[in-house]
Amino acid sequence: MAAELKKELYGGGVGGEDGKLSTDPEWADVEPVVLQEPEGALAAIAYPDDYAEAMAYLRAVMQAKEHSPRCLRLTEHIIEMNPAHYTVWLYRAANVFALNLPILDEITWLNEVALQNLKNYQIWHHRHLLVENYHPLIASDPAAISAFAASERAFIAQMLSEDTKNYHVWSYRSYVVSKLGLFDDADELAAIEGLIDKDVRNNSAWSHRFFLVFSNPAYATPGAAATAYDAGVPAEVVDREIEYVTGKIRLAPQNQSGWNYLRGVMVKGGRKLASVEGFVSEFVIRLGEERSEGGKEGEGEEGEGEDVLSTHALDLLAEIYAEKGEKEKADLSLRRLGQKWDRIRVGYWEWRRKCLEVGA
Amino acid sequence: MAAAGPRTSTPQRRRPAPAISSPSSKIREIEEDEGEEETDKVVDFSHARTMAEPVIPDLFTQLPPVREGYLTDTLDVQLETARECMKFLDGLNTREPLVTRNEHGVPKLARDRHVRFLHMALGNLPGGFLVADASRPWFLYWSLSALVMLGQDVTSYRDGLIVTARSMQNDTGGFGGGGRQLSHLATTYAVVLSLALVGGGEAYDVIDRKAMWKWLNSLKQPDGGFQVCLGGEEDIRGAYCASVIITLLRLPLDLSPESPAYTGDSNANLFTGVADYVSRCQTFEGGISGQPNVEAHGAYAFCALGCLAILDHPSRSIPRYLDVPRLVSWLSSRQYAPEGGFSGRTNKLVDGCYSHWVGGCFPLIEACLNGNPPSDRHRPGDGDGGVGRVGGGGALAADGPAATATTTTTATATATTASSSGRGGRLPPAEDGLFHREGLIRYILCCCQDTTKRGGLRDKPGKGSDAYHSCYVLSGLSSAQHQWELDDEPRPPLAESPAETKDAETSKIPSDQDIDPEAHLEAVWAVLPYLDGPRVFDNDDCVRPIHPIYAIPQGSVRAIRAYFGEKGQGVVL
Ligand SMILES: [Zn+2]
């Protein structure tokens, strides 16, 4: 695309020499639609003049259903002032599609806007609409798909380097994986492992990994609930994930992300929780015992000799004991959580004890 | 441990029998004006007056017993936040001239300053607020709702609200963020709730219900969810906002042929597939994501439970569509010590607004678990009521593949997934409370109040107060201070079905259209001040209760529903 044409669409701005639309010959044919707040309106905003003027022109062109390069530039102008304006974004998308603009040019422009507005989420829906329109053009070309996947991944990485748990970015990432079919893309899994290596407590990364592994249409049963067994998942995949996550738990045993993931994997794979009892027990030492090693019997109170390296391990251990029918040990585990190791959740641990009573 | 309060130091202590045995006989509703005086009579905390030194349990003044040394960014900010909060929790942070603490070391609710802050938010806003141009209705709802919880009369805002709301409504249905903006479910939700808060026929009549119904039809999607605006994203917020709007305005559920979800199936309606959509948003952690396949997040948990509680009595709808034990585990994990507040996701920081998004889930979960009165909790033929999975999901799965959900209608598939494991037994009721109320109240009153003249409530120490946090922190305080109980409606609509048997796997799974959306909505949410455990706030620090689903006072819900009920549902078509 020629640079001139681009300027007509991107970065060209609006307004005459004084910056006002009213003095810009390009807009002379438009009668702005000025809105007066009704008398006594609540939470009325004293809009700055340039914003109020731009909105008045926007109303006019929206009303006329105009789609043109100048409209596109007007939306850019407003988005710079107020990126949270969903009406403006949707109108912009309508312009992009009506003018049949190259989607990748719009994405390039959007990257800049996104980096300046990390918390904004209108940009992500806009991107979603662009991808919905772009995808059919490249769907039959694997090389184009993988090139696009790589560029999206690079952009996502840049966004996450600013905020590793940005919910909108991760939602978009999940969408891109589904849309472009990236479940078996080694780079996608490697990118996630990189983020987990950087911060093993990044729960967004763990959640995305779970989605990548257990929603892979190559084997996952469509519509299977996230918390239910899925016979379609191969045993090797389950083994690989158990191996992976147990290694990460050893690094940081009190990291709940790892434990939630482990439990999720076990359930998906239909494994008995007791099959990881040995591993889980590493983090719970002398549960309920009165004395530490070498101490004298009868000197301490219940639990004085115990050590718990992870409350989440003790939680899982309670479930393992329940699964094995060892109700007293399960009950002891839950009691110790409420009494000492995780007191803020005592109400929950007590409820879990009642679950033992009714559940056997 | 010497400084520990009763609940904290002796967590095993058996609670005295609940003060309330029969909802019908003893439960009084605390609404609007009668509330606070009555509270004085039933709560006796004179024993606490004898203590000279503030009693602050060590749970809130020390880091948790399990420490680890492997530092990452997440742990760094977590420890930094916990230490910062401890300064506010332990009462030693005395360089706050405007803060008075009670004998529990808990600051008073700075009611007057918050009220002033909220009145400001409803007044004229400076140009810097232009970024809120598309969310002005939220400011109306947050401020009015917070004022109501603080005991203020907001009817003086009625006229102003009426003209404001009119200026935001579109002829094609719904309300935008401002004049000539696209209608959006979030802004429409905020306007409708605001009108309900100020109340009165003139306010209700602002809403063009016929256009609203048409517009909602245009947003309804074939997969059961709702787009938030025409051409906008689809997420669980949309489903919750739509469900609230439909039931408050008593719109017909009919699906119009213009709806993208219309298939010609005469049984399909606006609620068809909503519960399945919600079900698909539950994640492996047990929490709920905004859209399927994303991380579990507190705000969406509330939207999910709100939706299900609107669709049917929570004791039926929640276990039918969600894995309740996993959900409860995840919700409970959101509360941290020493902070006492809730986080929105695993390994994220506490934030005052989750006092509502997560804290507000507990009344709905309790209604789910305590659904049937004890006498007939085991009555035969009550379908899925109270049934759910008990612990050991792995064990259940290993016994044999649970439903693999490959059937043609997702409704059947999901319902089977959720209920087929009934063999695990019933879930026990949650009479003793599933979260630490004292902890949440301490977090709110110690950490979430702006301690300067500015007033208002906030995310956490170091953050500025705003209308959003003021609203949701107070909602959380309200749910922590009260106890809700949902009376069973006289005739559960699904229990009478002859096909309903004790074995959920072979029973007919009721389709969405069998659900009578009204019966359970007419059931009364009975509310009482929460009386168990130590009470660390003063009587005059009580805020008003709000409806657990609609997040406005129950009287406001009843009034607007009665108004449109009298008009009759058929009127708009
Ligand atoms: Zn917040």
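The values are calculated or read from the model by the stated rules, or taken from the named source; none is laboratory data. Treat the numbers as computed from the prediction; the structure is a model and nothing was measured. Using ideal geometry, Cβ is built from the backbone for each residue, glycine included, and neighbour counts are taken over all protein chains shown. Just so you know, the surface numbers come from the protein's heavy atoms only, side chains and all, with ligands and any DNA or RNA stripped out. Shrake-Rupley method; radii C 1.70, N 1.55, O 1.52, S 1.80 Å.
Worth pointing out:
- Evaluation of A:Val245 against the conditions (1) modelled with pLDDT of 95 or more; (2) in contact with a Phe, Trp or Tyr (Cβ under 9 Å, 6 or more places away or on another chain); (3) within 10 Å of another protein chain (Cβ to nearest Cβ) shows that the sole unmet condition is (3).
- Residues located in region B:92-104, provided they are touching a Pro at 6+ places or on another chain (Cβ under 8 Å) and without any contact (Cβ under 8 Å) to a residue 60 or more places away in the chain: B:Thr100, B:Arg101, B:Glu103
- Per-region count, region B:65-85, residues in contact with a helix residue (DSSP H, G or I) (Cβ under 9 Å, 6 or more places away or on another chain), in contact (Cβ under 8 Å) with a residue 24 or more places away in the chain and open to solvent by less than 50 Å² (accessible area, probe 1.4 Å): 2
- The single condition from (1) within 16 Å of the ligand (Cβ to nearest atom); (2) more than 14 Å from chain A (Cβ to nearest Cβ) that B:Gly371 fails is (1).
- Qualifying positions in region A:3-28 - among the charged types (D, E, K, R) and open to solvent by 40 Å² or more (accessible area, probe 1.4 Å): A:Glu4, A:Lys6, A:Lys7, A:Glu8, A:Glu17, A:Asp18, A:Lys20, A:Glu26
- Positions within region B:455-469 being outside any loop (DSSP other than H, G, I, E, B), within 11 Å of the ligand (Cβ to nearest atom) and within 14 Å of chain A (Cβ to nearest Cβ), in sequence order: B:Tyr468
- Checklist (1) farther than 30 Å from B:Leu253 by Cβ; (2) at pLDDT 95 or above; (3) away from the ligand (no atom under 16 Å from the Cβ); (4) basic (Lys, Arg) applied to B:Arg320, failing item: (1)
- Listed conditions (1) surrounded by fewer than 18 Cβ atoms within 10 Å (Cβ to Cβ); (2) farther than 17 Å from B:Leu182 by Cα are all met by A:Ala64, apart from (2).
- Filter result (more than 7 Å from every other protein chain (Cβ to nearest Cβ) and open to solvent by 10 Å² or more (accessible area, probe 1.4 Å)) within region A:317-334: A:Tyr321, A:Lys324, A:Gly325, A:Glu326, A:Lys327, A:Glu328, A:Lys329, A:Asp331, A:Leu332
- Meets criteria (surrounded by fewer than 19 Cβ atoms within 10 Å (Cβ to Cβ) and among the charged types (D, E, K, R)) for B:Glu233: no
- Helices (runs of 4 or more DSSP H) contained in region B:206-295 and holding at least 3 residues at pLDDT 95 or above and more than 13 Å from every other protein chain (Cβ to nearest Cβ): B:209-219, B:236-248
- Among the conditions (1) open to solvent by 40 Å² or more (accessible area, probe 1.4 Å); (2) more than 14 Å from every other protein chain (Cβ to nearest Cβ); (3) outside any helix (DSSP H, G or I), A:Ala143 misses just one, which is (3).
- Filtered by the rule that a residue be under 22 Å from A:Ala56 (Cβ atoms), open to solvent by 10 Å² or more (accessible area, probe 1.4 Å) and of a type in the set (Ser, Thr, Tyr), region B:132-180 gives B:Ser135, B:Ser167, B:Thr172.
- Conditions (1) away from the ligand (no atom under 16 Å from the Cβ); (2) within 14 Å of another protein chain (Cβ to nearest Cβ); (3) open to solvent by 10 Å² or more (accessible area, probe 1.4 Å); (4) in a loop (DSSP other than H, G, I, E, B); number of the one not met by B:Ala430: (3)
- Any pair with Cβ under 8 angstrom, 6 or more apart, that starts in region A:305-329 at a residue that is aromatic (Phe, Trp, Tyr) and ends at one that is modelled with pLDDT of 95 or more: A:Tyr321/A:Lys327; A:Tyr321/A:Lys329; A:Tyr321/A:Ala330; A:Tyr321/A:Ser333
- Within region A:212-237, the set of residues being among the polar types (S, T, N, Q) and at the interface with chain B (Cβ under 10 Å from one of its Cβ atoms) comprises A:Ser215, A:Thr221, A:Thr227.
- Residue within region B:334-341 that is at pLDDT 95 or above, open to solvent by less than 10 Å² (accessible area, probe 1.4 Å) and within 11 Å of the ligand (Cβ to nearest atom) present: yes
- A single entry from A:Arg240, A:Arg209, A:Arg250 fulfils the requirement of being within 10 Å of chain B (Cβ to nearest Cβ) and assigned to a helix (DSSP H, G or I): A:Arg250.
- Yes/no for A:Ser204 being facing chain B (nearest Cβ under 9 Å), part of a helix (DSSP H, G or I) and open to solvent by 10 Å² or more (accessible area, probe 1.4 Å): no
- Flag set for B:Val115, criterion: surrounded by fewer than 21 Cβ atoms within 10 Å (Cβ to Cβ) and in contact (Cβ under 8 Å) with a residue 40 or more places away in the chain.
- Those residues of region B:276-301 which are buried (at least 24 other Cβ atoms within 10 Å of the Cβ) and acidic (Asp, Glu), in sequence order: B:Glu285, B:Glu295
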